Amino acid sequence: MNKSYDVIIIGGGVNGCSIAYYLAREGKRVLLLEREKLAGKASSAAAGMLGAQVEVTEEGALFTIAKESRAMFPSLQYELKEHSGIDIELVQKGMLKLAMNDEEARHLKSSIAFQQKLGERAEWLAPEQVAEREGQLSDALMGAMDIPMDGHVNPARLTHAFAKSAVNLGAEVKEYVEVYSLIMDGSVVKGVETSNGTFDGEHVVVAAGAWSKRVLEECGMTLPAYPVKGECFSVITDRPLLSSTVFTETCYLVPKSENRLIIGATMISNTFSENVTVGGLFQLMEAAARVLPAVKSATFERSWSGIRPQTGDGLPYLGQHPNYKNLVIATGHYRNGILLSPITGKLVAKMIQGEPVPGYLEDFRLDRVKEHAKG
Ligand SMILES: Cc1cc2nc3c(=O)[nH]c(=O)nc-3n(C[C@H](O)[C@H](O)[C@H](O)COP(=O)(O)OP(=O)(O)OC[C@H]3O[C@@H](n4cnc5c(N)ncnc54)[C@H](O)[C@@H]3O)c2cc1C
């Protein structure tokens, strides 16, 4: 007889692992299946920025969950350390979003006004104030938006911390097990067919990042979603060049421990190829050197890429399938999956337990566009 679980989660990225953690905390019998190794895809390629205000600039449900999720990190770091022994390397030294021309300055100033109206902390810094704060930045910039509340974490560590905490709370995690298809019985999902046999579950969660669409297509469901490759590289400097994360329209630079800077990221739609191109690196290097000239003397460390899950309208899919109520989809986090992982885990756990969920989840329903999620 197959072993039966309360919840089977497909995908061992940051979102699948977060969901496993929040469910295991509630005593659910959880099985997480990952076809390669945990955190092997987008969740280790990420720079780890918690850019609630830098990335999301419109009022709406995405801004709301971004802020809620960011606010979870300070306590989460201790919780995960206690359960897993892993430090997620949370850094809360703020972000500067630079204006490199007049138009960008105008845009940032209106973004600041909008954020202040909503009660968020964001301030305009004139060029001399930026220079005072970050002495190595180019003097060609026109000012910056200072966002003190945005920070960053180590994304691979965060993913492993969720997974290990879940395991220590009783979840099972199986790496190198690929889910081939969902086992359906009428309007109910009974389990999954995998490279390691079948597993039965009361609920199934698809958290397979950019591959979620493929998993669902295996059983005739559609999901408007597409992959967007991102390339990044890191350098090591003799001394720290930045203290805050620096974000521009063409690149970002994230200062990590041991004088490491992560510089990213390109955006190449509709490819699952994970190659790193010379053109991509060249574009990032030029952009980074324009902002931080001293980066030219840094030592190149390594480059990598990852595939982000993007959706038709740019909002994640977080909710039950309209035709299969015990099937939950959690994907489409695009450039913010690290930031959104705690709230994703928490909300999916609530949905599965039948607890009340916030009204804003309506915006992330799978059937928000008519042809979405046909059974
Ligand atoms: C270069 C780059 C920089 C980024 N920077 C940031 C950032 O600074 N901040 C931020 O918040 N976000 C960032 N992101 C976005 C973030 O990385 C993603 O949104 C997030 O990692 C998505 O997590 P996930 O768990 O949904 O997907 P993934 O991490 O892709 O995990 C999905 C997992 O599902 C597995 N899988 C797929 N199919 C199957 C199957 N059939 N059976 C079993 N397992 C399967 C895959 O192997 C994979 O491990 C960045 C992304 C990239 C590429």
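Values computed for the structure shown
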| read-out | value |
| --- | --- |
| Electrostatic dipole magnitude of the chain [Cβ: Lys, Arg +1; Asp, Glu -1; Cα centre; debye, to 20] | 480 |
| Ranked list, fewest to most other Cβ atoms within 10 Å of each Cβ, for 305, 341 | 305, 341 |
| Under 15 Å, Cβ to Cβ, from residue 141 - net charge with Lys/Arg +1 and Asp/Glu -1 | -4 |
| 31 Å Cα-Cα threshold exceeded, pairs from 93/346; 81/190; 3/229; 37/296; 3/41 | 81/190; 3/229; 37/296 |
| Alpha-carbon Rg/Rh ratio, for the range 51-208, with Rh computed the Kirkwood way | 1.14 |
| Rg/Rh for the range 275-375, where both radii come from Cα atoms and Rh is the Kirkwood radius | 1.17 |
| The chain - share of DSSP beta bridges that are antiparallel (%, nearest 5) | 70 |
| For the range 6-110, fraction of C-alpha pairs farther apart than 24 Å, in % | 40 |
| Helix-only CD estimate at 222 nm, as mean residue ellipticity for the chain, using -39500 (n - 2.57) per DSSP H run (n ≥ 4) | -9500 deg cm²/dmol |
| For residue 132, net neighbour charge (Lys/Arg +1, Asp/Glu -1) across residues whose Cβ lies under 14 Å away | -4 |
| Inter-part distance where the range 1-79 and the range 279-304 are each reduced to a Cα centre, Å | 30 |
| Inverse of mean 1/r across different Cα pairs in the range 223-280, Kirkwood, Å | 13.0 |
| Calculated log₁₀ intensity ratio I(q)/I(0) where the Debye formula runs over C-alpha points of the range 100-144, q = 0.20, 0.24 Å⁻¹ | -0.65, -0.83 |
| Label point distance in nm, residue 26-residue 82, each placed 7 Å from Cα along Cα→Cβ | 2.0 |
| Kirkwood Rh (inverse of mean 1/r, distinct Cα pairs), the chain, angstrom | 21.2 |
| DSSP-assigned coil residues among chymotrypsin sites (Phe, Trp or Tyr not before Pro) in the range 173-241, each with at most 14 further Cβ atoms within 10 Å | 176 |
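Every read-out reported here was derived from the displayed coordinates using simple, explicitly stated rules and does not represent laboratory data. All figures in this text were calculated on a predicted structure; none of them were measured in a lab. Glycine also receives a Cβ, built like all others from the backbone with ideal geometry; neighbour counts cover every protein chain displayed.
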